[in-house]
Ligand code: GLY
């Protein structure tokens, strides 16, 4: 499974671009990452015409206004269909850059170079691109597969803020719960999360599983919905907190969503109490979970209606049958 991870990510990118006879490259990144790694991709300039576009960091900049600003910069520089956009960053950059690449001149090539745990295991893979609209997450976007995903280099996680690491960990728990009991058992052993504990094998397990699901259902019509386990509550929590001006990272909201959805499944008799106790233990070990009461349910309910899994106005949930197995 080594093809999904590497200790020389820039080399992997260079090889891909050289194979593709690329001339023009735009590297899209955010202000946080650019401050940390200002020269990380400088070697590309020895081979191609390279320009860097830096957007302000933060989910609130995953907007149509930001997309327009990038389209305008590409147009001013007269980039044509030969352009390759390299999205160097986390989920926000992959979503925004993927959206711009899919739409500029009706589509230019796009590479995702994930630098966060969340992007390595989820956002960089599968071609979902989007911007947010009026606090509704990923409201406007399209599915278009990237031409290449640079294998994950866990060294990059060492500079990731703890909140972002935790956000990726929320998605990692999701993959363990839907796809791998052995991964879940390993995660249960972790006392305290740090970049050093993240094993390349865990990333490979998630990427391999996601690739398999995306190949079955690239357009997100049926099987792919399993990847949205925890996201019905997760997206509602994320949108509600963003509207309050108190944003929470995506994967943190997903981790809380997972716990609420497992609780609901247990109450409805679809998930055993023993399994629920383990999920509860793992999530509370690493995340602060708000009390789930009627007041919270009232705050979240308008956002459930925006969930993209819904059909005919009915809110759809993904459920587990047991830890490591999802009900399709
Ligand atoms: N993040 C869920 C998906 O890509 O389908």
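Does the range 102-128 hold any residues that are touching a residue at least 60 places away in the same chain (Cβ under 8 Å) and under 17 Å from residue 78 (Cα atoms), and which are they?
Correct list: 109 only.
Is there a residue being in a helix (DSSP H, G or I), in contact with a strand residue (DSSP E or B) (Cβ under 7 Å, 6 or more places away or on another chain) and more than 16 Å from the ligand (Cβ to nearest atom) anywhere in the range 197-207? The answer is yes; a qualifying residue exists.
Condition check for residue 21 on (1) modelled with pLDDT of 95 or more; (2) loosely packed, with under 15 Cβ neighbours inside 10 Å: one failure, at (1).
Exactly one residue out of 142, 157 is free of Cβ contacts under 8 Å to residues at least 60 places away in the same chain, surrounded by fewer than 22 Cβ atoms within 10 Å (Cβ to Cβ) and within 15 Å of the ligand (Cβ to nearest atom): that is 142. Each residue in the range 244-266 was checked for being over 21 Å from the mean Cα position of the chain (by Cα) and farther than 16 Å from residue 230 by Cα, and 2 pass. Of the helices (runs of 4 or more DSSP H) lying entirely inside the range 216-320, those containing at least 1 residues that are farther than 24 Å from residue 184 by Cα and within 16 Å of the ligand (Cβ to nearest atom) are 231-243.
Among residues belonging to the range 74-92 that are under 17 Å from the mean Cα position of the chain (by Cα) and under 25 Å from residue 21 (Cβ atoms), point out the one that is surrounded by the fewest Cβ atoms within 10 Å (Cβ to Cβ).
Among those that are under 17 Å from the mean Cα position of the chain (by Cα) and under 25 Å from residue 21 (Cβ atoms), it is 88.
Only a single criterion out of (1) without any contact (Cβ under 8 Å) to a residue 60 or more places away in the chain; (2) under 20 Å from residue 263 (Cα atoms); (3) over 15 Å from the mean Cα position of the chain (by Cα) is not satisfied by residue 186, namely (2).
The values are calculated or read from the model by the stated rules, or taken from the named source; none is laboratory data. Owing to the predicted nature of the structure, the values given are computational and were not obtained by experimental measurement. Heads up, the Cβs are rebuilt from the backbone with ideal geometry, glycines too, and the neighbour counts pull from every protein chain shown.
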